[in-house]
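Asker: Pasting a structure here, questions to come.
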Amino acid sequence: MARETYTEDSIRSLEWREHIRLRPGMYIGRLGDGSNAEDGIYVLLKEVIDNAVDEFIMGHGSTIEIVREGSAFRVRDYGRGIPLGKLEDCAARINTGAKYDSKAFKKSVGLNGIGIKAVNALSDHFYLQSFRDGKTRDLEYTRAQWVRGSSRARSSAEPAGTELTFHPDPEVFGEFAFRDEHVERMLRHYAYLNAGLTLVYNGKEFRSRNGLRDLLAEHLTEAPLYPVIHLRGDDVEIAATHTSQAGEECFSFVNGQHTTQGGTHLNAFREAYVKTVRDFFKRKLDPADIRSGLSAAVSLRIEEPVFESQTKTRLGSTAMSPNGTTVRSFLGAFLSRELEIHLHQHPATAEALLTRIQEAENERKQLKDVQKLARERARKAKIHNRKLRDCRLHYDTRHRHRDQTTLFITEGNSASGTITEARDVDTQAVFSLKGKPLNCYGLNKKIVYENEEFNLLQHALQIEESLDALRYNRVVLATDADVDGMHIRLLMVTFFLQFFPDLIRREHLFILETPLFRVRNKKATRYCYSETEKAAALRECGAGAEITRFKGLGEISPHEMRHFIGKEMRLEQVRVDRGAAIRELLEFYMGKNTPERQQFIIENLRVETDLVAENA
């Protein structure tokens, strides 16, 4: 076996733009195609809007205009405008910015001078114009290479501020498309966190009067058991309530940045909330009971925040400011004072809170004996779990490929065998159902432990207590595209909605799309996911092409399956619509066969001939 030589010629230095384009994940996290809210194209947009929001925070400009034309964005703020003599440095000189001096940008998100440069490097078109003191300059780049720009400032009657246009580079991102739902959610969060700020997206305005209270109102999928507790102070805002839903949902923000992975501030909030509630009721209540059904949002503004990555999804800072108090002690003191006052002033809220905690405690105690038996079964199953074919890497590690970890939940041995043979053993695991799972609507969590299949699944996912130790980033329902397969999907979605709704809220549950048809001739093979695609493939391959209808996953060979669970895997994310009431949804679709549901089926039933006619 030949060995590579290691000499001086092996060492090379990359320009900053080359490094960003070669290793984009270091700067924007995942790439993606735009289907997920955390895909890189949204990080580019966020980096641009962050700068505009920072201007607002510093007291300059209360309106930000965002326009999307296709896949290109234009963002115009009305802040002070970038100093005209430093336009090139801000656009294309790494580690250059105004935010190193905390006097200028005391509590900003971006502190390292990289964000806009990353946008420049990862865009095939980048345009920057600054309006300041009645003058203006502009610059244009392609993949961070200068194209044109005014060397001298010229007069302008435009209001002060900055305008930036960018188009993500298809050479980096491949085929992608922005989804308005992800963009609009991002803008709503900016509005909730910045009272007085108006964001206008393609003519649609986003602003908030009630801050985090509005955010909770958007995300609650059940009626709150008591009015939202809304606490505000210097550099902190907290909103919290309880619902009858299982699990815990907490949103956390630092300097307007949505820290989706939490961090020191979220841990400090959870700890302080439990301690304050215990002290108020003068009882040693279990932390899990206090947080069961909790829906909360916490926002902090701190000096020089330290995030664990450039994408800023997890806070690593322990201090509120370089020479100040810690995040832990700050939140502890704030909640101890303000939450206790609120509960004293609102005895009905305190009573409802205690009732919810006691209900969680009673349920936990009822589960204690059955949990003991179930855990013993799960311990034995870990030695040889015939239902789980595990992978080598897991999501609850710091491995760089943790986001790719996937658990396929399949129906029957045939489908699980095909996927098992085709999978990537490093990042893809398979859990096999023996048939249709139990309809668990209306049942309590005891069934999760008594039903062996559900119990083994919860242990495979490692979500018994919370999602903090989730072992797979993507949980994929891989069932046949027939009536039975659809029913199994619905039963599994019901299981997660009923007992582990956080898995769906945090966007971990997906449905695998596999082709319905294979159309091929001697020269080409086309896989089709709909009648429309089949018709197009027939036009391309000719009327004499061979057509195969896949009736189930077991009919797809492992060689072909590799395409459908590999880089070109099509996944449809399971989402709960904003404002949807989970209990009412489950009651309608999974409860007793009511006349209302029968009428719904009659009115919406579509037979195969209808679908063929639509796609003809």
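The values are calculated or read from the model by the stated rules, or taken from the named source; none is laboratory data. All of these numbers come straight from a predicted model, not from anything done at the bench. As a convention, Cβ positions derive from the backbone with ideal geometry for all residues, glycine included, and neighbour counts pool all protein chains shown. Accessible surface is based on the protein model in full, side chains and every heavy atom, while ligands, DNA and RNA are left aside. Shrake-Rupley method; radii C 1.70, N 1.55, O 1.52, S 1.80 Å.
Asker: Specify the residue that is farthest from Gln404 (Cα to Cα); the eligible residues are those in segment 451-488 that are open to solvent by less than 10 Å² (accessible area, probe 1.4 Å) and touching a Cys at 6+ places or on another chain (Cβ under 9 Å).
Answerer: The residue in question is Phe454.
Asker: For segment 49-67, enumerate the residues that are part of a strand (DSSP E or B) and under 16 Å from Ile116 (Cβ atoms).
Answerer: Residues satisfying the conditions are Ile64, Ile66.
Asker: Looking at this structure, is Arg80 open to solvent by 50 Å² or more (accessible area, probe 1.4 Å), in contact with an Asp or Glu (Cβ under 8 Å, 6 or more places away or on another chain), part of a loop (DSSP other than H, G, I, E, B) and at pLDDT 90 or above?
Answerer: Taking the combined requirement at face value, the residue satisfies it.
Asker: Looking at segment 436-446, can you tell me whether even one residue there is surrounded by fewer than 23 Cβ atoms within 10 Å (Cβ to Cβ) and closer than 26 Å to Ser557 by Cβ?
Answerer: Yes, some residue in segment 436-446 is surrounded by fewer than 23 Cβ atoms within 10 Å (Cβ to Cβ) and closer than 26 Å to Ser557 by Cβ.
Asker: With the structure loaded, tell me whether Phe307 is farther than 19 Å from Lys46 by Cβ, open to solvent by less than 50 Å² (accessible area, probe 1.4 Å) and either within 28 Å of the chain's Cα centre (by Cα) or at pLDDT 90 or above (or both) or whether it fails that test.
Answerer: Here the answer is no, as Phe307 does not meet what is asked.
Asker: Can you pull out every residue in segment 30-64 that is more than 30 Å from Val574 (Cα to Cα), aliphatic (A, V, I, L, M) and either open to solvent by less than 20 Å² (accessible area, probe 1.4 Å) or modelled with pLDDT of 90 or more (or both)?
Answerer: Answer for segment 30-64, where residues must be more than 30 Å from Val574 (Cα to Cα), aliphatic (A, V, I, L, M) and either open to solvent by less than 20 Å² (accessible area, probe 1.4 Å) or modelled with pLDDT of 90 or more (or both): Ala52, Val53, Ile64.
Asker: Right, next: Of all residues in segment 459-502, count the ones that are closer than 26 Å to Lys551 by Cα and free of Cβ contacts under 8 Å to residues at least 24 places away in the same chain.
Answerer: 3
Asker: Moving on to the next point. Does Ser317 satisfy the condition of being within 15 Å of Pro227 (Cβ to Cβ) and either assigned to a loop (DSSP other than H, G, I, E, B) or open to solvent by less than 50 Å² (accessible area, probe 1.4 Å) (or both)?
Answerer: no
Asker: Restricting attention to segment 564-578, which residues are open to solvent by 40 Å² or more (accessible area, probe 1.4 Å) and either more than 23 Å from Leu477 (Cα to Cα) or in contact with a strand residue (DSSP E or B) (Cβ under 8 Å, 6 or more places away or on another chain) (or both)?
Answerer: Arg570, Leu571, Glu572
Asker: Spot the failing condition for Ala160; the list is (1) of a type in the set (A, V, I, L, M, F, W, C); (2) open to solvent by less than 20 Å² (accessible area, probe 1.4 Å); (3) modelled with pLDDT of 90 or more, and only one is missed.
Answerer: Looking at each condition in turn, Ala160 falls short on (2).
Asker: Among what's in segment 275-285 and is open to solvent by 40 Å² or more (accessible area, probe 1.4 Å) and part of a helix (DSSP H, G or I), pick the residue that is nearest to Arg356 (Cα to Cα).
Answerer: Arg278
Asker: Which condition from (1) open to solvent by less than 10 Å² (accessible area, probe 1.4 Å); (2) more than 23 Å from Leu294 (Cα to Cα); (3) at pLDDT below 90 is the one that Gly263 breaks?
Answerer: In the conditions (1) open to solvent by less than 10 Å² (accessible area, probe 1.4 Å); (2) more than 23 Å from Leu294 (Cα to Cα); (3) at pLDDT below 90, Gly263 misses (2) alone.
Asker: Does at least one position in segment 280-290 carry a residue that is under 24 Å from His508 (Cα atoms) and in contact with a strand residue (DSSP E or B) (Cβ under 9 Å, 6 or more places away or on another chain)?
Answerer: Within segment 280-290 (the criterion being under 24 Å from His508 (Cα atoms) and in contact with a strand residue (DSSP E or B) (Cβ under 9 Å, 6 or more places away or on another chain)), the answer is no, since none of the residues qualifies.
Asker: Here is a list: Arg364, Arg356. Which entry is closer than 30 Å to Ile238 by Cβ, in a helix (DSSP H, G or I), within 32 Å of the chain's Cα centre (by Cα) and at pLDDT 85 or above?
Answerer: When all the criteria are applied, what remains is Arg356.
Asker: Scan segment 325-340 for residues that are open to solvent by less than 20 Å² (accessible area, probe 1.4 Å) and more than 12 Å from Glu271 (Cα to Cα) and jot them down.
Answerer: If the condition is that a residue be open to solvent by less than 20 Å² (accessible area, probe 1.4 Å) and more than 12 Å from Glu271 (Cα to Cα), then Phe334, Leu339 are the ones that fit.
Asker: Pairs needed: first member in segment 535-563, under 17 Å from Ile511 (Cα atoms) and open to solvent by 30 Å² or more (accessible area, probe 1.4 Å); second member anywhere, modelled with pLDDT under 80 and assigned to a strand (DSSP E or B); C-beta distance under 6 Å; at least 6 residues apart or different chains.
Answerer: From segment 535-563, no pairs qualify.
Asker: Which pairs have Cβ atoms under 7 Å, sit 6 or more apart or on different chains, and link a residue in segment 170-198 that is among the small types (Gly, Ala, Ser) and at pLDDT 90 or above to one that is surrounded by 13 or more Cβ atoms within 10 Å (Cβ to Cβ) and outside any loop (DSSP other than H, G, I, E, B)?
Answerer: Ala191/Leu199; Ala191/Phe206
Asker: In addition: Condition (residue is assigned to a helix (DSSP H, G or I), on the phi < 0 side of the Ramachandran plot and at pLDDT below 90) applied to segment 428-443: is it met by at least one residue?
Answerer: No, because not a single residue in segment 428-443 is assigned to a helix (DSSP H, G or I), on the phi < 0 side of the Ramachandran plot and at pLDDT below 90.
Asker: Report, by residue number, each residue of segment 179-205 that is open to solvent by less than 30 Å² (accessible area, probe 1.4 Å) and in a loop (DSSP other than H, G, I, E, B).
Answerer: Asn194, Leu197
Asker: Let me ask you something else. From the list Ala272, Ala240, which residue is more than 20 Å from Thr325 (Cα to Cα), modelled with pLDDT of 90 or more and either open to solvent by less than 60 Å² (accessible area, probe 1.4 Å) or in a loop (DSSP other than H, G, I, E, B) (or both)?
Answerer: Ala240
Asker: Also, I was wondering about something else. Taking segment 512-529 on its own, how many of its residues are crowded, with 21+ Cβ neighbours inside 10 Å and among the β-branched types (Val, Ile, Thr)?
Answerer: Going through segment 512-529 one residue at a time, the tally reaches 2.
Asker: Tyr395 fails exactly one of the following numbered conditions: (1) in a loop (DSSP other than H, G, I, E, B); (2) crowded, with 17+ Cβ neighbours inside 10 Å; (3) at pLDDT below 85. What is the number of that condition?
Answerer: (3)
Asker: Here is a follow-up. Pairs needed: first member in segment 323-346, touching a residue at least 60 places away in the same chain (Cβ under 8 Å); second member anywhere, assigned to a loop (DSSP other than H, G, I, E, B) and open to solvent by 80 Å² or more (accessible area, probe 1.4 Å); C-beta distance under 9 Å; at least 6 residues apart or different chains.
Answerer: Qualifying pairs under 9 Å: Val327/Thr318; Arg328/Thr318; His346/Pro227.
Asker: How about segment 30-62: which of its residues are on the phi > 0 side of the Ramachandran plot and touching a residue at least 24 places away in the same chain (Cβ under 8 Å)?
Answerer: Selection gives Gly32, Gly34, Gly61.
Asker: Further question: Can you confirm whether Asp502 is open to solvent by less than 40 Å² (accessible area, probe 1.4 Å), in contact with a Gly (Cβ under 6 Å, 6 or more places away or on another chain), under 26 Å from Leu456 (Cα atoms) and part of a helix (DSSP H, G or I)?
Answerer: Yes; evaluated as a whole, the condition is true for this residue.
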